[in-house]
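See below for the structure under consideration.
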């Protein structure tokens with residue numbers, strides 16, 4: 001599998017995971033309501049309840065006593081039925097959402113983790129030069145975070161820290177073998193950048209501007225005493 | 001038995017009443033009940049008994065030492081002891097004033113307890129430790145939630161703006177110039193700057209820029225903290241809040257909370273640096289493919 005295909009697969013997984021994280025509980029509930037068998041009877045009962053309340057409000061309880069009490073009894077009965085239906089509807093939605101979460105874990109998260117474990121060390125792209133980053137950072141970019149642990153061990157065993165990457169130090173000097181960024185590191189960088197972009201957009205453009213609270217009485221009084 | 005006339009009886013009664021009132025009347029009776037003046041009830045608290053005993057012993061010592069000028073050292077020691085107690089009392093008063101400022105009325109009994117402990121123990125170590133512990137808590141004064149919310153909003157906005165400016169106005173153009181590899185340059189730079197565009201200098205220049213940018217960010221952050229008198233990590237970080245709940249002395253690390261705050265500050269700087277490195281990697285990838 002070439003590096004471009006690996007990048008595309010990783011990108012698809014990342015986009016799917018991001019989209020899933022953007023799905024709010026309200027949206028999930030809205031989608032679930034579309035397939036909920038309790039939703040149509042509940043909406044019908046709610047409509048009936050509102051019409052009964054309206055009629056009861058329009059007539060006098062003294063003049064139309066019989067009709068008013070009949071409606072009232074119906075309303076009491078409807079209240080119980082609506083609460084039961086609501087309970088069932090919420091239970092159904094909860095089950096569906098938990099099933100959806102399980103499905104995303106099995107369908108997206110787990111395969112992505114396995115993919116990263118399988119192709120995590122594959123070089124996605126080569127760095128423009130071997131001297132862009134220090135050799136220690138080059139080793140991490142090339143081999144992943146495990147290099148931090150294995151680097152010193154390799155140094156003890158082979159005499160240099162990046163044994164897996166290079167056959168000789170001379171090749172690095174001559175720029176024959178170039179360092180690159182592995183898939184694991186690239187995915188981590190992509191997730192960090194995406195979350196930072198999300199934070200920036202949310203903070204600067206979507207979040208409601210906070211207004212400075214008026215100074216409390218305590219602070220004003222202390223300020224006055226300080227002035228004295 | 002000669003009987004008194006009605007007028008005499010009335011006079012005697014009037015005199016008795018006047019005598020009673022002149023002696024204090026109702027108030028003296030009230031004092032007797034409440035245990036103040038002329039009370040037969042004991043008003044001494046068990047907490048007061050020890051200092052009294054101490055004072056008595058001090059008096060005895062002074063009586064013993066006063067006629068004998070040959071032993072001045074004991075006197076000096078006593079003076080020192082009194083001086084230290086005065087210092088402690090000043091500390092307690094200061095603590096009381098601070099607590100009053102926080103409108104914590106329930107501490108009055110606690111102060112008397114501290115005072116008694118202060119008098120009880122000779123080395124005052126326990127009370128001093130307690131005062132120390134409370135003083136460390138005083139540093140985290142309660143903050144108005146609306147002000148804290150506004151402060152957090154300002155801090156987050158500052159962070160977002162700093163990252164955005166760094167990415168758009170430095171890292172992106174610099175990365176383009178470093179990785180252009182024969183592509184035509186948009187900007188015509190003088191030859192002396194061409195050395196800086198060498199990829200081998202990239203990390204050095206990038207790290208220097210990060211240092212300058214982070215120090216500017218922290219100066220701005222501290223200015224916001226100074227205006228609102230709020231320590232951001234102290235009031236909004238969950239880890240710090242959890243560590244603050246551990247009582248002093250349980251963990252054998254002195255000033256654990258301060259150390260955690262310092263560690264989190266370093267982590268904050270490191271995370272800013274790592275975020276920028278991630279952006280560099282992603283941008284380098286895009287440049288490498290296109």
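Within segment B:219-235, restricting attention to residues that are assigned to a helix (DSSP H, G or I) and within 14 Å of chain A (Cβ to nearest Cβ), which residue is modelled with the highest pLDDT? Give the derivation first.
Here is the first cut: in segment B:219-235, the ones assigned to a helix (DSSP H, G or I) are B:219-228, B:232-235.
Add one more test, that the residue is within 14 Å of chain A (Cβ to nearest Cβ), and what stays is B:224, B:227-228.
Working: B:224: 90, B:227: 87, B:228: 82.
The qualifying residue modelled with the highest pLDDT is B:224.
Pick out the one residue from B:277, B:246, B:260 that is more than 29 Å from residue A:182 (Cα to Cα) and either within 14 Å of chain A (Cβ to nearest Cβ) or surrounded by 14 or more Cβ atoms within 10 Å (Cβ to Cβ) (or both).
Details: B:277 fails: more than 29 Å from residue A:182 (Cα to Cα); B:246 fails: either within 14 Å of chain A (Cβ to nearest Cβ) or surrounded by 14 or more Cβ atoms within 10 Å (Cβ to Cβ) (or both).
Only one candidate qualifies: B:260.
If you go through segment A:169-181 one residue at a time, do you hit one that is within 11 Å of chain B (Cβ to nearest Cβ), at pLDDT 75 or above, within 22 Å of residue B:203 (Cα to Cα) and in contact with a strand residue (DSSP E or B) (Cβ under 8 Å, 6 or more places away or on another chain)?
Yes, segment A:169-181 has at least one match.
Keeping to segment B:199-218, report how many residues are within 14 Å of another protein chain (Cβ to nearest Cβ) and either within 14 Å of residue B:165 (Cα to Cα) or not in a helix (DSSP H, G or I) (or both).
Total satisfying the criteria: 1.
Scan (1) surrounded by fewer than 16 Cβ atoms within 10 Å (Cβ to Cβ); (2) within 14 Å of chain A (Cβ to nearest Cβ); (3) touching a helix residue (DSSP H, G or I) at 6+ places or on another chain (Cβ under 7 Å) for the single condition residue B:239 breaks and write down its number.
It is condition (2) that residue B:239 fails.
Output the number of residues of segment A:106-128 satisfying the condition of being without any contact (Cβ under 8 Å) to a residue 40 or more places away in the chain, more than 14 Å from chain B (Cβ to nearest Cβ) and surrounded by 12 or more Cβ atoms within 10 Å (Cβ to Cβ).
Of all residues in segment A:106-128, those without any contact (Cβ under 8 Å) to a residue 40 or more places away in the chain come to A:106-107, A:110, A:113-114, A:117-118, A:128.
Adding the requirement that they be more than 14 Å from chain B (Cβ to nearest Cβ) leaves A:106-107, A:110, A:113-114, A:117-118.
Next, from what is left, pick out any that are surrounded by 12 or more Cβ atoms within 10 Å (Cβ to Cβ): A:107, A:113, A:118.
Going through segment A:106-128 one residue at a time, the tally reaches 3.
So which residues in segment B:242-262 are in contact (Cβ under 8 Å) with a residue 40 or more places away in the chain and in contact with a helix residue (DSSP H, G or I) (Cβ under 7 Å, 6 or more places away or on another chain)?
B:244, B:248, B:257
Could you please let me know if residue B:281 is touching a strand residue (DSSP E or B) at 6+ places or on another chain (Cβ under 7 Å), modelled with pLDDT of 90 or more, assigned to a helix (DSSP H, G or I) and within 26 Å of residue A:195 (Cβ to Cβ)?
yes
When you scan segment B:151-186, how many residues do you find that are within 8 Å of chain A (Cβ to nearest Cβ) and at pLDDT below 90?
Looking only at that region, the number is 3.
A quick yes/no check of all residues on (1) within 11 Å of another protein chain (Cβ to nearest Cβ); (2) at pLDDT 85 or above; (3) in a helix (DSSP H, G or I):
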| site | (1), (2), (3) |
| --- | --- |
| A:130 | yes, no, no |
| A:138 | yes, yes, yes |
| A:149 | no, no, yes |
| A:154 | no, no, yes |
| A:162 | no, no, no |
| A:185 | yes, yes, yes |
| A:194 | yes, yes, yes |
| A:204 | yes, yes, yes |
| A:224 | no, no, yes |
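So if I check each of A:42, A:78, which one is farther than 14 Å from residue A:92 by Cβ, within 44 Å of the chain's Cα centre (by Cα) and surrounded by 14 or more Cβ atoms within 10 Å (Cβ to Cβ)?
On the way: A:42 fails: farther than 14 Å from residue A:92 by Cβ.
It is A:78.
Here's the yes/no breakdown for (1) over 32 Å from the mean Cα position of the chain (by Cα); (2) in contact (Cβ under 8 Å) with a residue 12 or more places away in the chain; (3) loosely packed, with under 11 Cβ neighbours inside 10 Å; (4) not in a helix (DSSP H, G or I):
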site: A:14; (1), (2), (3), (4): no, yes, no, no
site: A:30; (1), (2), (3), (4): no, no, no, no
site: A:48; (1), (2), (3), (4): yes, yes, no, no
site: A:63; (1), (2), (3), (4): yes, no, yes, yes
site: A:70; (1), (2), (3), (4): yes, no, no, no
site: A:73; (1), (2), (3), (4): yes, no, yes, no
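The values are calculated or read from the model by the stated rules, or taken from the named source; none is laboratory data. Keep in mind that this is a model prediction, so the values were computed, not measured. Cβ atoms come from the backbone with ideal geometry, glycine included; neighbour counts cover every protein chain shown.
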